[in-house]
Structures are given as C-alpha cells and as structure tokens.
C-alpha cells in the first residue's frame, strides 16, 4: 500500500512542477471579452507569437526565481489573476478525483 501512496504522490508532484514551471510554454490561451476591455490594456492573458494573437498563457507567478517581478506588474495594474494557476488548480482537482476512484481497492 505504501508503494501506491508514494507512487501517486510522486506522480502528482512531478505533474504539478511541470505545470508550474514549464506550463506557460505550452498551456494554450485565446483572446476573450475580458481581454478586449479598455481596463486590460496590458494584455495579461496571452502572449504574442510572431505577430499572431493567442499562443500560451502568461505565467501566474508574481516573481521569478531570482526575485524579479514577473506577473506582479500586470496584477498591480489590472487586479486580475492569471489563468495559469486556474489551470493548475483544475489539474490538481482532477488528479485527486482519479486518485479517489483508483484507490478504492488495491490488488497486488
């Protein structure tokens, strides 16, 4: 039973670290009506890739590992959180649901 607990815990830690640190490179994002409002002139929800609107979600981390401001400047101007951590939270909840389903019976 301990191997299943440690296996699931290590799986979740790896997935969460990938989403937190590498997620802004591959989590898709498109423009919506919130982005088109005049208050959100800084376009905090998406990046521009080669002149194409859309791309990937901006990092939701307020500061980089070096302590430099990352998303904190955008948050101070718009008071709107990034969708990066929403995606991470939803992934965490789904992993807990699957863990709950899979842990009903343990067969060696």
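The values are calculated or read from the model by the stated rules, or taken from the named source; none is laboratory data. Quantities reported herein were computed from a predicted structural model and do not represent experimental measurements. Using ideal geometry, Cβ is built from the backbone for each residue, glycine included, and neighbour counts are taken over all protein chains shown.
The numbered conditions (1) surrounded by 14 or more Cβ atoms within 10 Å (Cβ to Cβ); (2) more than 21 Å from residue 12 (Cβ to Cβ) are all true for residue 66 except (1).
Among the residues of segment 54-63, is any out of contact with any helix residue (DSSP H, G or I) (no Cβ under 6 Å at 6 or more places or on another chain) and modelled with pLDDT of 80 or more? Checking segment 54-63: at least one residue is out of contact with any helix residue (DSSP H, G or I) (no Cβ under 6 Å at 6 or more places or on another chain) and modelled with pLDDT of 80 or more.
The set of residues from segment 58-85 being in a helix (DSSP H, G or I) and over 16 Å from the mean Cα position of the chain (by Cα) comprises 73, 74, 76, 77, 78. Against the list (1) modelled with pLDDT of 75 or more; (2) in contact with a strand residue (DSSP E or B) (Cβ under 9 Å, 6 or more places away or on another chain), the condition residue 77 fails is (2).
Is it true that residue 85 is farther than 23 Å from residue 12 by Cβ, in contact with a helix residue (DSSP H, G or I) (Cβ under 9 Å, 6 or more places away or on another chain), modelled with pLDDT of 80 or more and surrounded by 14 or more Cβ atoms within 10 Å (Cβ to Cβ)? Here the answer is no, as residue 85 does not meet what is asked.
Considering the conditions (1) within 29 Å of residue 8 (Cβ to Cβ); (2) surrounded by fewer than 12 Cβ atoms within 10 Å (Cβ to Cβ); (3) modelled with pLDDT of 65 or more, residue 30 is excluded by exactly one of them, (1).
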